[in-house]
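What follows is a set of notes on a single structure, which appears directly below.
Nothing in this text is a laboratory measurement; each read-out follows from the coordinates by a stated rule. All of these numbers come straight from a predicted model, not from anything done at the bench. Cβ: placed from backbone, ideal geometry, glycine included. Neighbour counts: every protein chain shown.
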Amino acid sequence: MEILSVTRSAFQYLKDKIITGELPAGQKLNENQLSSLLEISRPPLREAFRLLEHEYLVVNIPRKGTYVTNISREDFRQVYQARKMIECYAIDLLKAKNIRDLPQVAAALTQTTDLSLPSNAGPEEKLSYLMAFANFHIRLVESAGNSRLTHFYQAISSNLARYEFMYVFIPGLTRNSQENHQQIMELIRMGAYDQAKEDLSTHINNFVNLLETKIGEERINGQPVSASDP
C-alpha cells in the first residue's frame, strides 16, 4: 500500500507539471533528478512513468529514456474528436434511459457559479480553477452510467487538460463556458436531449476553433508545437 501511495503521489505530481507546462513537451525525465527531488526510489518512479505513458503524457524510447510527449495540431484534433464523440454519446445514453436528474453534474455546475481566478495565481491554482470547470464534462459522462465510456474519457482527460490549460484563462472564456454548461443542463432537465447535444457540440467546436487559431503559432506557452507528432 505504501509503494502504491508513493507511486500515485509521484504520478500526480508529474502529471500536473506536464499539464501546466512546467515539464514542457519534449523534455527528458531524468530519473536521478526526480528520485532525489521527490525523495523516492526508482521502482515507484518508473511505475509512475508507466501510468503517465498510459495517459499519453510521456513516451518511453528504448535505450534513450522517457520524454514528455509533443503537443501538435494533429494530436489536438484527434483528442477533441474523441472528446466530442464521447460526450455527445453520453447524452444519447441519457436520452435512451430518460435520465433528467443529474445531481453530480448540478453539483459541479454550482461549484463554478461564483468561482473567480485569484489574481497572480500560480500554476497549481490555475490548474485547480481549470479542473473545476472541466468537472462538469467529467460528471456528465459519468452520469451516462457506462463504465467503459467513462474509462475512455479518463484516458484522454489529461491531454484535454493540457491543451485547455494553454488558453482557458482568456478573459470572459470561463464565463461563457458557465453559461453554456447551465443551458445544456437545463435542456437535459426538460428532456430536450437532441438540443442539448447540439449545444454541447457547438460549445466544444467553439473551443476547438479558438485553439486552432492559437495553436498555429510556433510555440505555445513556451512549449514547442509541431504540425504533427514525430
Would you please put 26-36, 49-59 in order of how densely packed they are, using the mean number of other Cβ atoms within 10 angstrom per residue and starting with the highest? 49-59, 26-36
Under the helix-only model (-39500 (n - 2.57) for each DSSP H run of 4 or more, divided by the residues of the chain), the mean residue ellipticity at 222 nm, to 500 deg cm²/dmol, is -22500 deg cm²/dmol
If amide hydrogens are placed 1.01 Å from N in the peptide plane, which non-local residues have theirs closer than 5 Å to the one on T69? G26, V58, V59
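What area, in nm² and to one decimal, does the C-alpha convex hull of the chain cast on average over all directions? Don't jump to the answer; show the numbers that get you there.
On the way: hull surface 54.4 nm².
If I average the Cα hull's projected area over directions, I get 13.6 nm².
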Using the Kirkwood radius over Cα pairs, work out the Stokes-Einstein diffusion coefficient for region 72-114 at 20 °C and 1.002 mPa s, in µm²/s as a whole number. 172
Would you mind checking the tilt of helix 173-189 against the longest principal axis of the Cα atoms of the chain, expressed as 0 to 90 degrees and rounded to 10? 50
Once the other residues with Cβ under 15 Å from the Cβ of L115 are scored (Lys, Arg +1; Asp, Glu -1), what is the net sum? -1
Taking the Cα atoms of region 27-101, report the difference between the largest and smallest coordinate on each principal axis, in whole Å and largest first. 53, 29, 19
Quick one: if you stick a label point 7 Å off each Cα along the C-beta vector at I99 and R8, how many nm between them? 2.4
Per 0.36 nm of contour for each residue apart, how much would the distance between N60 and N146 grow if the chain were fully extended, relative to their Cα-Cα spacing? 27.8 nm
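Ranking request for peptides 189-201, 133-145: highest mean number of other beta-carbon atoms within 10 Å first, then the rest in descending order.
Details: 189-201: 16.5, 133-145: 20.3.
The packing order, highest mean first, is 133-145, 189-201.
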Ellipsoid equivalent to region 2-69 - semi-axes via the Cα gyration tensor, in Å: 17, 13, 11
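Given a Förster distance of 35 angstrom, what is the FRET efficiency for D114 paired with S41, based on the Cβ-Cβ distance and rounded to 0.05? Show your work: numbers first, answer last.
Values: r = 44 Å, r/R0 = 1.26.
Result of the calculation: an efficiency of 0.20.
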